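To start, the structure under review is shown below, and the notes come after it.
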Amino acid sequence: MNRKTAALAFAGASLFAITAAQAAEITVWCWDPNFNVAIMKEAGEIYAKTHPDFKLNVVDFAKVDLEQKLQTGLASGVADGMPDIVLIEDYGAQKYLQSFPDSFAPLSDKVDYSGFAPYKVALATLDDKVYSMPFDSGVTGFYYRKDLLSQAGFQPADLQDLTWDKYIEIAKVVEEKTGKKMLAYDPNDAGLTRIIMQSAGGWYFDKDGNLSIEGNTALKAALEVIQKIQTSKIFRPAAGWADWVGAFTGGEVASVTTGVWITGTVKSQPEQSGNWGIAPIPKLEIEGATHYSNLGGSSWYVLSASAAKDEAIDFLNEIYAKDVDFYQKILVDRGAVGSLLAAREGEAYKSSDPFFGGEPIWQTFSDWLSKVPSVNYGTFTNEVDSVVAAHQPELANGTSVDDVIKAIDEQAQTLVQ
Amino acid sequence: MTSYGLKQRFSSVVVYAFLGVMAFLSIFPFLWMVIGATNTTSDIIKGKMSFGESLLLNATTFFTQVNAPLIFWNSAKITIIATVLTLLISSLAGYGFEIFASRFREKLYTLMLLTLMIPFAALMIPLFMLMGKLGLINTHIAVVLPTVASAFIIFYFRQSTKAFPHELRDAARVDGLKEWQIFFLIYMPVMRSTYAAAFIIVFMTVWNSYLWPLVVLQSNDTKTITLVISSLGSAYYPDYGAVMIGTVLATIPTLFVFFAMQRQFVEGMLGSVK
């Protein structure tokens with residue numbers, strides 16, 4: 001019996017192909033086949049033109065999957081099969097840098113960071129060293145339906161310098177005149193809260209990375225806006241991401257305020273061409289408030305255990321930090337807005353888009369990109385964010401902002417300890 | 001009598017209504033998946049519940065983005081080998097636990113059952129380190145090995161073996177069969193419905209397994225279908241149509257196995273509670 005089992009097992013084992021990592025190849029882990037993966041492959045092809053020996057192997061996983069793998073790999077200390085370059089979402093950057101010191105290679109000696117949007121550099125800085133190659137930006141904009149807003153009596157010029165209070169007033173008029181809600185909003189998602197908070201230079205953590213909930217003026221002001229939006233009923237409730245997207249692509253609401261990466265989705269409805277416009281997001285009325293913010297975005301990191309570390313860094317530096325033409329290509333092909341400010345000098349960035357009534361939207365976004373306030377995303381952004389999201393619905397039934405902040409603070413304190 | 005009949009009729013209405021709701025709940029996601037495979041992403045998001053015309057387009061997207069033959073071969077290879085090995089090893093263990101008495105048998109058995117309570121997430125990092133030491137990271141062997149001695153399947157076989165007639169074994173012994181011959185020539189054929197049920201359970205578990213293959217497989221050419229579908233669905237604007245094609249294709253083998261062995265499965269499940 002044992003012999004038979006062994007024979008079967010052996011027959012099975014011989015069917016397996018053992019794939020060992022090849023040293024001469026740069027392996028990259030990232031998510032999103034049509035975006036990050038495609039863009040990285042494009043970068044690899046450009047670099048290979050001047051470096052014929054260069055071979056790039058891009059492996060795609062879902063974002064949560066990649067984080068799971070990275071976490072397991074780094075925690076177990078097994079360097080085997082780990083990539084040379086990995087994409088990390090900006091919100092999680094400090095968590096990885098601080099939890100796994102020395103696992104990532106500092107790039108500040110090789111890369112000139114002065115050309116990048118400052119907030120993208122700040123979020124990957126630890127102890128005066130910068131670890132990331134800044135990649136796509138989530139610079140935010142207020143996308144609105146020109147047709148609906150003009151029906152309600154508002155022209156593009158009226159929308160360029162809004163405050164959130166003014167925004168809510170406009171929303172009421174829009175509903176009165178057009179019957180459409182101003183925005184789709186999911187009370188269980190804190191994305192809008194984060195946008196508003198960062199626009200005033202605030203975050204769940206202070207500049208030193210300590211939890212900052214009570215006494216955080218930006219967070220308080222943001223939650224006050226969220227409460228007004230909820231109690232004034234100017235939103236169409238959205239249940240989850242797909243429903244939220246469906247609301248504005250389906251013409252049910254008059255605007256959407258989110259990261260620039262939504263442009264492709266907005267444009268997925270050709271029949272709405274010419275009806276959309278963009279404006280800076282509304283602003284808070286507190287000190288440090290701006291019209292600029294960010295939602296999401298990610299950056300490339302080089303693992304210090306990589307056998308091809310120097311080559312990986314050179315590759316990233318040559319393409320992502322210097323090649324303006326590359327940024328034109330990924331903007332046109334993939335709708336990707338990078339963080340290299342010089343990219344705006346290229347043709348694609350200067351072009352105007354008929355979908356947005358011929359506005360040069362990329363120049364505009366590029367302007368805003370350079371002005372996004374820098375914040376410290378800390379080590380537990382995603383954890384604290386889920387606490388905030390859980391408490392947001394309470395704002396609708398009249399619980400005071402102070403009470404909600406207190407509840408968030410208590411829960412968050414136990415999480416980050 | 002009339003009131004009794006009414007009562008009975010009423011209760012059967014309640015039962016069928018309940019069963020109807022449950023049947024709908026189980027069928028709906030499947031129906032939604034099949035309909036989704038024929039619609040564009042924006043229609044899927046809008047919640048369109050009728051068949052569309054994008055089946056071909058979705059299929060083209062799926063097959064250009066995914067090296068489907070290789071990925072399905074990976075999944076099939078892992079699943080078949082893991083299923084065969086799991087059935088062999090775990091049924092042997094279950095049989096042994098029931099048939100051969102020893103001083104430590106029950107203690108050992110309890111210890112083994114306790115491992116069922118350890119969540120896999122807790123085992124993952126040590127297991128990953130182990131595979132790293134063995135040099136098996138990014139191989140399909142690393143996916144198969146941890147599943148072959150399955151505490152649950154051992155438990156299942158031990159329970160079923162209680163129904164295996166001792167007389168058969170005694171008779172076989174008298175006829176001069178060795179222990180391994182009894183197992184392969186008498187036990188296995190007699191217990192085939194138990195094997196069929198276990199086959200379905202293991203096949204589905206391995207085919208759908210996600211977390212461990214995810215952690216241990218590192219490159220595009222070793223990935224299984226579940227990982228590929230997950231990666232397709234993770235995007236700023238995912239192509240849900242292509243994802244649905246993937247899920248439909250990934251469901252077919254399990255459906256096929258289940259329908260082919262349904263009768264034995266039911267028999268096997270009944271057998272285990274005798």
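Annotations for the structure displayed:
- Residue in the stretch A:283-294 that is among the hydrophobic types (A, V, I, L, M, F, W, C) and farther than 26 Å from residue A:375 by Cβ present: no
- Total residues in the stretch B:218-237, condition touching a residue at least 12 places away in the same chain (Cβ under 8 Å) and open to solvent by 20 Å² or more (accessible area, probe 1.4 Å): 6
Per-residue answers, yes or no, for (1) under 30 Å from residue B:64 (Cβ atoms); (2) away from chain A (no Cβ under 14 Å); (3) out of contact with any helix residue (DSSP H, G or I) (no Cβ under 9 Å at 6 or more places or on another chain):
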{"residue": "B:164", "(1), (2), (3)": "no, yes, no"}
{"residue": "B:170", "(1), (2), (3)": "no, yes, yes"}
{"residue": "B:227", "(1), (2), (3)": "yes, no, no"}
{"residue": "B:235", "(1), (2), (3)": "yes, no, no"}
{"residue": "B:242", "(1), (2), (3)": "yes, no, no"}
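- Matching residues, the stretch B:34-54, being surrounded by fewer than 17 Cβ atoms within 10 Å (Cβ to Cβ) and among the aliphatic types (A, V, I, L, M): B:34, B:49
- Taking the criterion of being open to solvent by less than 20 Å² (accessible area, probe 1.4 Å) and among the hydroxyl-bearing types (Ser, Thr, Tyr), the residues of the stretch B:55-88 that qualify are B:75, B:79, B:83, B:86.
- The single residue among A:90, A:102 that is open to solvent by less than 10 Å² (accessible area, probe 1.4 Å) and acidic (Asp, Glu) turns out to be A:90.
- In the stretch A:66-87, the residue that is farthest from the other protein chains (Cβ to nearest Cβ) out of those that are open to solvent by less than 10 Å² (accessible area, probe 1.4 Å) and outside any helix (DSSP H, G or I) is A:85.
- From A:382, A:376, residue being modelled with pLDDT under 90 and farther than 30 Å from residue A:47 by Cα: A:382
- Residue satisfying all of: in the stretch A:48-60; over 19 Å from residue B:223 (Cα atoms) and of a type outside the set (D, E, K, R); farthest from the other protein chains (Cβ to nearest Cβ) among these: A:50
- Residue, farthest from the chain's Cα centre (by Cα), within the stretch B:25-44, restricted to residues that are of a type in the set (Ser, Thr, Tyr) and part of a helix (DSSP H, G or I): B:42
- Filtered residue count, the stretch A:32-51, keeping only those that are at pLDDT 90 or above and either open to solvent by 10 Å² or more (accessible area, probe 1.4 Å) or not in a helix (DSSP H, G or I) (or both): 9
- Scanning the stretch B:45-62 for residues that are among the acidic types (Asp, Glu) and outside any loop (DSSP other than H, G, I, E, B) turns up nothing.
Every residue, every condition in (1) at pLDDT 90 or above; (2) β-branched (Val, Ile, Thr); (3) assigned by TED's automatic domain parsing to the domain that holds residue A:166; (4) more than 17 Å from residue A:184 (Cα to Cα), yes or no:
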{"position": "A:207", "(1), (2), (3), (4)": "no, no, yes, yes"}
{"position": "A:213", "(1), (2), (3), (4)": "yes, yes, yes, yes"}
{"position": "A:219", "(1), (2), (3), (4)": "yes, no, yes, yes"}
{"position": "A:240", "(1), (2), (3), (4)": "no, no, yes, no"}
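- Helices (runs of 4 or more DSSP H) wholly inside the stretch A:142-199 that include at least 2 residues being β-branched (Val, Ile, Thr) and open to solvent by 10 Å² or more (accessible area, probe 1.4 Å): A:164-178
- For the criterion of being within 22 Å of residue A:138 (Cα to Cα), outside the structural domain of residue A:122 (by TED's automatic domain parsing) and touching a His at 6+ places or on another chain (Cβ under 7 Å), residue A:283 passes.
- Filtered residue count, the stretch A:261-281, keeping only those that are in a loop (DSSP other than H, G, I, E, B) and surrounded by fewer than 17 Cβ atoms within 10 Å (Cβ to Cβ): 5
- Unique residue being over 23 Å from residue A:151 (Cβ atoms), without any contact (Cβ under 8 Å) to a residue 40 or more places away in the chain and part of a helix (DSSP H, G or I) when the list is A:222, A:242, A:218: A:242
- Filter result for residue A:258 (part of a strand (DSSP E or B) and within 14 Å of another protein chain (Cβ to nearest Cβ)): yes
Table: residues versus (1) surrounded by 19 or more Cβ atoms within 10 Å (Cβ to Cβ); (2) among the polar types (S, T, N, Q).
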site: A:287; (1), (2): no, no
site: A:310; (1), (2): no, no
site: A:317; (1), (2): no, yes
site: A:337; (1), (2): yes, no
site: A:340; (1), (2): yes, no
site: A:347; (1), (2): no, no
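- Subset of the stretch B:170-190 (residues that are surrounded by fewer than 16 Cβ atoms within 10 Å (Cβ to Cβ), in a helix (DSSP H, G or I) and small (Gly, Ala, Ser)): B:171
- Boolean, residue A:389 is over 30 Å from residue A:319 (Cα atoms), crowded, with 22+ Cβ neighbours inside 10 Å and modelled with pLDDT under 95: no
- Taken residue by residue, the stretch B:247-260 has no member that is within 9 Å of chain A (Cβ to nearest Cβ) and either open to solvent by 20 Å² or more (accessible area, probe 1.4 Å) or of a type outside the set (Lys, Arg) (or both).
- Restricting the search to helices (runs of 4 or more DSSP H) fully inside the stretch B:63-152 and requiring at least 3 residues that are away from chain A (no Cβ under 13 Å), more than 25 Å from residue A:61 (Cα to Cα) and in contact (Cβ under 8 Å) with a residue 12 or more places away in the chain gives B:68-99, B:105-114.
- Exactly one residue out of A:63, A:41 is more than 10 Å from chain B (Cβ to nearest Cβ) and out of contact with any helix residue (DSSP H, G or I) (no Cβ under 8 Å at 6 or more places or on another chain): that is A:41.
The values are calculated or read from the model by the stated rules, or taken from the named source; none is laboratory data. Keep in mind it's a predicted model, so treat the numbers as computed, not measured. Neighbour counts are summed over all protein chains in view; Cβ atoms, including those assigned to glycine, are modelled from backbone coordinates with ideal geometry. Ligands, DNA and RNA are stripped out before the accessible areas are found, and what is left, the full protein with its side chains, is counted by its heavy atoms. Shrake-Rupley method; radii C 1.70, N 1.55, O 1.52, S 1.80 Å.
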